[in-house]
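Read through the structure below, which is laid out as structure tokens, and then see the notes.
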Amino acid sequence: MVGINTVECMRVFRKVVETGSFTRAAKELRLSVAWTAKNIEKLESSLGTTLLIRSTRHLRLTEAGQVCYDSAGRMIDELQGLQERLSEEAVVPNGKIKIAIPQILAVYGMGTIVAEFGKNYPQIKLEIAVNDRFVDLQSEDFDFVFRITTELKDSKILVRNLGTIQRVLCASPDYLLAHGKPEKLVDLSNHQCIVYSWFSEPDQWSFKTNGAEIKIQPNVHMSVNNSPLIKDAILSGGGIGYLPEFVVRKEINQGQLIPLIPDAEFEAFNLYLLRAADRFQPTRARLFSEFVTTSLQEIITPT
């Protein structure tokens, strides 16, 4: 690539792909639209291939463009990492961290944690996406993804286990007064059960009792894809459901919710912090990872 600023062209190309627009990329990079387009043309000419297919409304990566985009990301991250390693002690941590978190963390504790992190590192900008769907760490270009699950299968990610999340089967006193209290798992077939619909098997609950695994099919009265809504429904007497212990801890202590069938334990979930394995971790990301690890362990650990 003699004759062109490779790093600059790659940086512009990456931003165009991420924003999906020459205009938006130019604005974020503080360049003219014409100069932004010129950088892409230089890169395509130097590589001898088309990277982007342009239409009046959309930009689409070619196969070569996808390869180039992946390489651009690694190249820029490595260069930035080198710069940070050489001057880490001399600069204030800065830049952007893009994070995806499940809604239950957003509602119960994460707001306080990110606010505190922001106070400690005011030059670091956090971009947070909140949703309960499966987020693809790499294709959606997140720096970190928080995931609550029992099993991880992707070998292209680096994982930090932030702790184990115990789950509690519970109901409100009003519901139990009206419908009776289940004493055994089989009793749940006669109750109104509220299930989380985005689990892989929402209509099947797995318990462990006396060391043996037991699977039951609850009587599904309500199927919901939002954990805070499930909690509100349980508190309002809408049925029996299960939620992470840290989510219902206060209500159980205050008697607003009653734990049920204590000798039957749900399979515990783990809370993971994920990041791409092929991407250099800059100082700001390392600081965030260390900060949230300690803070979230304090929240999810039963007291």
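Against the conditions (1) without any contact (Cβ under 8 Å) to a residue 60 or more places away in the chain; (2) of a type in the set (D, E, K, R); (3) within 30 Å of Met75 (Cα to Cα), Glu213 satisfies every one except (3). Residues in region 242-277 that are part of a strand (DSSP E or B) and in contact with an Asp or Glu (Cβ under 7 Å, 6 or more places away or on another chain): 1 in all.
Just wondering, is there one or more residues in region 216-223 that are more than 10 Å from Ile194 (Cα to Cα), touching a residue at least 40 places away in the same chain (Cβ under 8 Å) and touching a helix residue (DSSP H, G or I) at 6+ places or on another chain (Cβ under 7 Å)? Checking region 216-223: not a single residue is more than 10 Å from Ile194 (Cα to Cα), touching a residue at least 40 places away in the same chain (Cβ under 8 Å) and touching a helix residue (DSSP H, G or I) at 6+ places or on another chain (Cβ under 7 Å).
Quick check: anything in region 197-214 in contact with a Leu (Cβ under 7 Å, 6 or more places away or on another chain) and more than 30 Å from Gln138 (Cβ to Cβ)?
There is at least one residue in region 197-214 that is in contact with a Leu (Cβ under 7 Å, 6 or more places away or on another chain) and more than 30 Å from Gln138 (Cβ to Cβ).
Residue count for region 204-227 under the criterion of being farther than 22 Å from Leu105 by Cβ and either in a strand (DSSP E or B) or hydroxyl-bearing (Ser, Thr, Tyr) (or both): the result is 13. Evaluating Lys119 against the criteria (1) without any contact (Cβ under 8 Å) to a residue 24 or more places away in the chain; (2) over 23 Å from Thr293 (Cα atoms) leaves one unmet condition, (2). Pairing each residue of region 59-75 that is assigned by TED's automatic domain parsing to the domain that holds Lys15 with any residue that is assigned to a helix (DSSP H, G or I) and charged (D, E, K, R), provided the two are 6+ apart or on different chains, yields C-beta distances under 8 Å for Tyr69/Arg14; Ala72/Arg11; Ala72/Arg14; Gly73/Arg14. Could you say whether any residue in region 75-87 is more than 23 Å from Arg279 (Cβ to Cβ) and either in contact with a helix residue (DSSP H, G or I) (Cβ under 9 Å, 6 or more places away or on another chain) or at pLDDT 75 or above (or both)? Checked against the condition, which is being more than 23 Å from Arg279 (Cβ to Cβ) and either in contact with a helix residue (DSSP H, G or I) (Cβ under 9 Å, 6 or more places away or on another chain) or at pLDDT 75 or above (or both), region 75-87 yields no hits at all. Test Lys208 against the criterion of being free of Cβ contacts under 8 Å to residues at least 12 places away in the same chain, under 22 Å from Leu185 (Cα atoms), loosely packed, with under 15 Cβ neighbours inside 10 Å and out of contact with any Gly (no Cβ under 8 Å at 6 or more places or on another chain), and give yes or no. Judged against the criteria, Lys208 is not a match. Considering only residues in region 216-244 that are under 22 Å from Gly180 (Cα atoms), under 28 Å from the mean Cα position of the chain (by Cα) and of a type outside the set (A, V, I, L, M, F, W, C), the one that is surrounded by the fewest Cβ atoms within 10 Å (Cβ to Cβ) turns out to be Asp232.
Among the numbered conditions (1) touching a Cys at 6+ places or on another chain (Cβ under 6 Å); (2) assigned to a helix (DSSP H, G or I), the only one that Thr294 does not meet is (1).
The values are calculated or read from the model by the stated rules, or taken from the named source; none is laboratory data. Because the structure is predicted, anything quoted here is derived from the model rather than measured. All Cβ positions, glycine included, derive from the backbone under ideal geometry; neighbour counts span all protein chains shown.
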